Amino acid sequence: MEPVKIVTRLPPPVGTTARSRAASPAAEAELGGAPWLQFGDELVYVVQQQNWAAMIEAVSRAGDGLREHPGTIDRARLHVIIQKGRLFQREHPDVALIVDKGRFLLVDMDPNAAQQLAKKKQPCYSVRTLDLLEATGEIGENRIVFEARDRGANRGRLPVINPAVQALVDQISRATFEANLAQLVGFPTRFSTSTHYGEVCDFVEQQFESLGYATSRQTISVNGAPSANIVARLRGTGPVPRGVVLVAAHLDSVNHEGTASSPAPGADDDGSGSAGVLEIARVLNDQVSTHDLVLVLFGGEEQGLFGSKHFVRSLSAAQRSKLRAVITMDMIGTLNTPVPTVLLEARAFAQPLLDRLAAAASNYTTLEVETSINAANSDHVSFLDKGIPAVLTIEGADSTNDEIHTAHDTLDHINFDLVLQILRMNTAFIAEALSMA
């Protein structure tokens, strides 16, 4: 047993720049060299017994700046919940919470129980020990769970605001997005193996075809039952071999409080992402580009990423090598933060892609940006696991939509300003990526 104390450095006052990695070493020194975890604008220090005296003195000096959590805890009991914390809490209400950022949690949990959950490979959330988090690569045991970025630091990564890209961004329309989302939510359920899911596939396939895309239906198996991915393609005009930019969301929905046939409108999860793919398809359908655009709506995500895993397996080595970027959208419609915020999630090797999306957010939107390299539990993982650069774009993480996976994930929870800003960011990035030499 390794007893530790937990100290939280509280967020800076509203209106000041969020605390970032650069601020951490000084604070670490105050607490006797304690390693830290970063949860957005909060730093959580794990203080070993030999440093408790230094910690008590630092907390006393800091006043309201540092908060000591009562008692001690065995370090082995500390676990981070990633994607989606609220669903974890719904299933495990008795697990003690230390830090609550909605999608990301720090919990006090029996290690054996955590291991059993990890073996089950829950499709909705991941349970990780501190050692299984991505390190910063700079300082010892320090870990960034997710990070709140300074908007000004992102500006300039794209050399200029491109007028042609701005013109495309300006075409993103609430009217067409909302109409498509209303159609998707209007089906009783989009459960992956239901009759209604087949009807949903018909609808989105017709939408793509009406926009001039070459479409196909890829048959997949979800726990032994048939389902499908819908794939739409638009060829670029550059010389062969061209690269590919892929944009995706998951089409299926689920109701964990009912059965496979229970109402599952899935407005945010993931009707918002699916309608977003259709909206980006509309804006880019007559775009002359160097590279190919591929749009995919996956089935079977809610049961364990079946559609995206099948899609990646179906690609040859040559096809995988052409993928310049994969952008996925899963839940882009609920405002969980004081201001519109997007979380960009990838792994370390896809950091350049993540940085360019953050730059697009700064250049073409007013979004605040959070980033994480602890990818989990959505379709981007299927690509990342095979070394393909992919980023999840999802609504910000301070709290989360408590209605997902129920009959209450409905249109009235959608914040259209947030949706449109995330779509503008993605459209800007995609347009730039499609035109790159």
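The values are calculated or read from the model by the stated rules, or taken from the named source; none is laboratory data. Small disclaimer: the values here were computed from a predicted structure and weren't measured. Cβ coordinates were reconstructed from backbone atoms using ideal geometry, including for glycine residues, and neighbour counts include every protein chain displayed. Please note that ligands, DNA and RNA were not included when accessible areas were found on the heavy atoms of the full protein model with its side chains. Shrake-Rupley method; radii C 1.70, N 1.55, O 1.52, S 1.80 Å.
State all residues of segment 56-75 that are touching an Asp or Glu at 6+ places or on another chain (Cβ under 7 Å) and either without any contact (Cβ under 8 Å) to a residue 40 or more places away in the chain or not basic (K, R) (or both); if no residue qualifies, say none. Step through it out loud before you land on a result.
We begin by selecting, within segment 56-75, every residue touching an Asp or Glu at 6+ places or on another chain (Cβ under 7 Å); these are 58-59, 73-75.
Residues satisfying the conditions are A58, V59, I73, D74.
If a residue has to be assigned to a helix (DSSP H, G or I) and either within 20 Å of R86 (Cβ to Cβ) or at pLDDT below 95 (or both) to count, how many in segment 254-312 make the cut?
Initially, segment 254-312 is screened for residues assigned to a helix (DSSP H, G or I), giving 267-284, 301-304, 306-312.
Restricting the remaining residues to those that are either within 20 Å of R86 (Cβ to Cβ) or at pLDDT below 95 (or both) gives 267-273, 301-304.
Residues that pass the stated criteria total 11.
Restricting the search to segment 181-206, which residues are in a helix (DSSP H, G or I), open to solvent by 40 Å² or more (accessible area, probe 1.4 Å), within 20 Å of D269 (Cβ to Cβ) and not charged (D, E, K, R)? Even if it seems obvious, please write down each step before you answer.
In the first step, residues of segment 181-206 are kept if they are in a helix (DSSP H, G or I); the result is 181-186, 195-206.
Checking which are open to solvent by 40 Å² or more (accessible area, probe 1.4 Å) leaves us with 182-183, 186, 195-196, 199, 202, 206.
Then keep just the ones that are within 20 Å of D269 (Cβ to Cβ); that gives 182-183, 186, 196, 199.
Within segment 181-206, A182, Q183, G186, H196 meet the criteria.
Within the set of pairs 6+ apart or on separate chains, which have a first residue in segment 149-168 that is more than 15 Å from T365 (Cβ to Cβ), a second that is at pLDDT 90 or above and among the hydrophobic types (A, V, I, L, M, F, W, C), and C-beta atoms under 8 Å apart?
Going by the 8 Å Cβ cut-off, the qualifying pairs are G156/A359; A164/A431.
For a quick check of your reading of the model, give me the residue pairs whose first member lies in segment 402-428 and is under 15 Å from D269 (Cβ atoms) and in a helix (DSSP H, G or I), whose second is of a type in the set (S, T, Y) and open to solvent by 10 Å² or more (accessible area, probe 1.4 Å), with beta-carbon atoms closer than 7 Å and at least 6 apart or on different chains.
Every condition considered, the pairs that remain are H413/T334.
Within the set of pairs 6 or more residues apart or between chains, which connect a residue that is free of Cβ contacts under 8 Å to residues at least 60 places away in the same chain inside segment 194-223 to a residue that is part of a helix (DSSP H, G or I) with Cβ atoms less than 8 Å apart?
Sorted first by the residue in segment 194-223, then by its partner, the pairs are V200/L184; F203/Q183; F203/L184; T215/E205; T215/F208; T215/E209; R217/C201; R217/E205.
Tally up the residues in segment 57-85 that are part of a helix (DSSP H, G or I), out of contact with any helix residue (DSSP H, G or I) (no Cβ under 9 Å at 6 or more places or on another chain) and either at pLDDT 95 or above or under 22 Å from R143 (Cβ atoms) (or both), please. Before you say what the answer is, go through the steps one by one.
Step one: filter segment 57-85 for residues part of a helix (DSSP H, G or I), giving 57-65, 75-77, 85.
Retained after the next criterion (residues that are out of contact with any helix residue (DSSP H, G or I) (no Cβ under 9 Å at 6 or more places or on another chain)): 60, 63-64, 85.
Checking which are either at pLDDT 95 or above or under 22 Å from R143 (Cβ atoms) (or both) leaves us with 85.
The number of residues fulfilling the criteria is 1.
Would you be able to tell me the number of residues in segment 165-179 that are in a helix (DSSP H, G or I) and either open to solvent by less than 20 Å² (accessible area, probe 1.4 Å) or of a type in the set (V, I, T) (or both)? Full working, then the answer.
Kept after step one, since they are in a helix (DSSP H, G or I), are these residues of segment 165-179: 165-169, 174-179.
Of the ones still in play, those that are also either open to solvent by less than 20 Å² (accessible area, probe 1.4 Å) or of a type in the set (V, I, T) (or both) are 165, 168-169, 176-177.
Matching residues across segment 165-179 total 5.
Just to be sure I understand, how many residues within segment 64-99 are open to solvent by 20 Å² or more (accessible area, probe 1.4 Å) and under 19 Å from G40 (Cα atoms)? Walk me through it before giving the result.
Within segment 64-99, the subset open to solvent by 20 Å² or more (accessible area, probe 1.4 Å) is 64-65, 67-72, 74-77, 86, 89-98.
After this cut, where a residue has to be under 19 Å from G40 (Cα atoms) as well, the list is 64-65, 67-69, 86, 97-98.
Number satisfying all stated conditions: 8.
Quick one: is T219 over 24 Å from the mean Cα position of the chain (by Cα) and among the β-branched types (V, I, T)? Write out each step before concluding.
Values: over 24 Å from the mean Cα position of the chain (by Cα): yes; among the β-branched types (V, I, T): yes.
Answer is yes for this residue.
From the list S399, S316, which residue is touching an Asp or Glu at 6+ places or on another chain (Cβ under 9 Å) and of a type in the set (S, T, N, Q)? Spell out how you get there, then give the answer.
Working: S316 fails: touching an Asp or Glu at 6+ places or on another chain (Cβ under 9 Å).
Checking each option against the conditions leaves just S399.
Output the number of the condition that A214 fails; it satisfies all remaining conditions of (1) surrounded by 13 or more Cβ atoms within 10 Å (Cβ to Cβ); (2) touching a Lys or Arg at 6+ places or on another chain (Cβ under 6 Å); (3) among the small types (G, A, S).
(1)
Restricting segment 320-349 to residues that are buried (at least 24 other Cβ atoms within 10 Å of the Cβ) and over 21 Å from G102 (Cα atoms), which is farthest from the chain's Cα centre (by Cα)?
Result: A325.
Would you mind finding the one in S289, S308, S378, S372 that is buried (at least 20 other Cβ atoms within 10 Å of the Cβ), within 14 Å of F429 (Cα to Cα) and among the hydroxyl-bearing types (S, T, Y)?
Numbers: S308 fails: within 14 Å of F429 (Cα to Cα); S378 fails: within 14 Å of F429 (Cα to Cα); S372 fails: within 14 Å of F429 (Cα to Cα).
Being buried (at least 20 other Cβ atoms within 10 Å of the Cβ), within 14 Å of F429 (Cα to Cα) and among the hydroxyl-bearing types (S, T, Y) holds for just one of S289, S308, S378, S372, which is S289.
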